[in-house]
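Please read the structure below before turning to the comments.
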Amino acid sequence: MTLELVRGDITAQHVDAIVNAANSSLLGGGGVDGAIHRRGGPAVLADCRRLRASHYGKGLATGRAVATTAGLLDARWVIHTVGPVWAQSEDRSELLASCYRESLRVARELGAKSVAFPAISTGIFGWPMDDGARIAVRTVREAVDAPVAEVRFVLFGDDAYTAFERALAVAP
Ligand code: ADP
């Protein structure tokens, strides 16, 4: 399995599955979510609305993941996952780890070989970048399995990139 870091925009990636840092409504938002819906086009939203009308009437729970078409993105699927909002008063690390684990489980079920992740929860949801990077790298190393052979963290900005570099440098 190769684990790589890329600086850039996750919506510009060519992979089998792009993971979206979605919100529980599945109906779009800011950050990665907004960019994915803008670039993926109306087919992504239409699929999300179908999910809301069927098995996900109340939306997607924090830590869970579900796939839709990738629409106009250069990928086959978008895997939507809902990260936890960071809280000083409560340790929600297990929910953040669950996002990576569940997304990889969905990717495996789909037969995806390559998966791109953003730094889930580290934007609007306020998770400290170093800790978010540590949880991301550790969980992906533990959870990745065939047929997923390539995981790419796509990072916006130098802070995110260097945090993930530090996390990768820690021995597995
Ligand atoms: P969350 O609500 O889970 O915090 P955000 O989308 O606000 O999700 O941010 C998650 C991380 O993704 C942040 O580090 C943010 O800087 C980064 N980010 C925002 N837009 C993009 C993009 N187009 N490609 C890659 N990373 C992005």
Spin-label pair Asp9/Glu150, simplified geometry with 7 Å Cα→Cβ offset, distance in nm: 2.1
Distance histogram for the chain (every C-alpha pair counted, 10 angstrom bins, percent rounded to whole numbers): 11, 43, 37, 8, 0
Given charges at beta-carbon only (K, R positive; D, E negative), |dipole| of the stretch 1-106 in Debye: 380
Selected from Thr69, Thr122, Met1, residue furthest toward positive end of dipole (the chain; charges at beta carbon): Thr69
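Each value in this text was obtained by applying a stated rule to the coordinates, not by laboratory testing. Quick caveat: nothing in here was measured; it's all calculated off a predicted structure. Every residue, glycine among them, receives a Cβ derived from its backbone with ideal geometry; neighbour counts consider all protein chains shown.
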